[in-house]
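Student: This structure is in structure tokens; I'll ask about it shortly.
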Amino acid sequence: MAGPGGIEPPTLGLGEHDWERFRKWLYSEYSAKHALSVYLYARKYAHSFFSGDLSELKIISNGKRKHVMNALSALSKFIGAYEYWRRLVAAYGLKWSNRSDELILSRIGKSYGEIIEWVEDVRRVSGLELFVEFAAVTGLRLSEAINSWNLIDADGYYDRKLQALEHFKF
């Protein structure tokens with residue numbers, strides 16, 4: 001049965017063995033926390049993808065839709081049906097959530113200047129100056145910034161004499 005615009009869904013589904021391979025692939029591509037989220041959303045909404053009916057995605061919240069679309073996109077790449085996924089998304093008029101930095105800052109109730117001022121205040125706290133600057137400059141999530149910081153701080157990873165990261169040693 002063709003979906004909107006005559007788009008044929010992939011004929012294959014995923015058996016339990018394939019879902020396990022998909023899970024392992026996700027854990028090799030993403031952080032453990034994100035891989036688990038992608039896996040769970042893919043399992044829950046795979047029926048929409050395989051049936052070619054994404055109408056269910058139109059009625060869920062924008063935030064959840066973004067996660068579901070991310071999961072189904074990863075699933076489509078895993079099974080080699082990414083072009084089908086793209087055509088299906090276009091046919092249903094689905095959009096990835098596009099929020100500008102200003103919108104995000106307004107939602108947390110701070111202007112760009114207030115965020116910069118807050119970062120400057122936190123930098124003055126003893127022992128956190130370099131870490132806060134590192135996190136602000138890299139734009140990493142907190143958990144990613146902590147993991148990166150700990151790795152850089154590890155013995156032998158950063159050569160102070162050369163002022164260089166020696167990633168090839170790890």
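The values are calculated or read from the model by the stated rules, or taken from the named source; none is laboratory data. Predicted model, so just to flag it, every value in this text is computed and none were measured. Every residue, glycine as well, gets a Cβ built from its backbone with ideal geometry; the counts of neighbours run over all protein chains shown. Protein only, heavy atoms only, side chains kept; ligands, DNA and RNA dropped before computing areas. Shrake-Rupley method; radii C 1.70, N 1.55, O 1.52, S 1.80 Å.
Student: From the residues in segment 1-52 that are open to solvent by less than 30 Å² (accessible area, probe 1.4 Å) and over 17 Å from Lys77 (Cα atoms), which one is modelled with the highest pLDDT? Step through it out loud before you land on a result.
Tutor: Taking segment 1-52 first, the residues open to solvent by less than 30 Å² (accessible area, probe 1.4 Å) are 3, 7, 9-10, 19, 22, 26, 35, 38, 42, 45-46, 48-49, 52.
Now drop any that are not over 17 Å from Lys77 (Cα atoms), which leaves 3, 7.
Values: Gly3: 51, Ile7: 54.
Only one residue tops the list, namely Ile7.
Student: Moving on. Being at pLDDT below 90 and over 19 Å from Tyr27 (Cβ atoms) is the requirement here; does Arg99 meet it?
Tutor: Numbers: at pLDDT below 90: yes; over 19 Å from Tyr27 (Cβ atoms): yes.
Yes; evaluated as a whole, the condition is true for this residue.
Student: Turning to a different aspect of this structure: Of all residues in segment 122-154, which are at pLDDT below 75, loosely packed, with under 13 Cβ neighbours inside 10 Å and of a type outside the set (A, V, I, L, M)? Walk me through it before giving the result.
Tutor: Quick first cut of segment 122-154, residues at pLDDT below 75 only: 122-127, 153-154.
Now narrow it down to the ones that are loosely packed, with under 13 Cβ neighbours inside 10 Å: 124-127, 153-154.
Across segment 122-154, the qualifying residues are Arg124, Ser126, Gly127, Asp153.
Student: Based on what the data block shows, is Ser76 open to solvent by 40 Å² or more (accessible area, probe 1.4 Å) and more than 15 Å from the chain's Cα centre (by Cα)?
Tutor: Values: open to solvent by 40 Å² or more (accessible area, probe 1.4 Å): no; more than 15 Å from the chain's Cα centre (by Cα): yes.
Criteria not met by Ser76.
Student: Also, I was wondering about something else. Looking at segment 17-44, I want the residues that are more than 19 Å from Ser143 (Cβ to Cβ) and have a partner that is among the β-branched types (Val, Ile, Thr) with Cβ atoms under 9 Å, at least 6 apart or on another chain. Which pairs are those?
Tutor: If the second residue must be among the β-branched types (Val, Ile, Thr), the pairs left are Asp18/Ile79; Phe22/Ile79; Tyr41/Val68; Ala42/Val68; Lys44/Val68.
Student: Next up: Can you name the number of the only condition in (1) over 28 Å from Ser143 (Cα atoms); (2) open to solvent by 40 Å² or more (accessible area, probe 1.4 Å) that Leu57 fails?
Tutor: (2)
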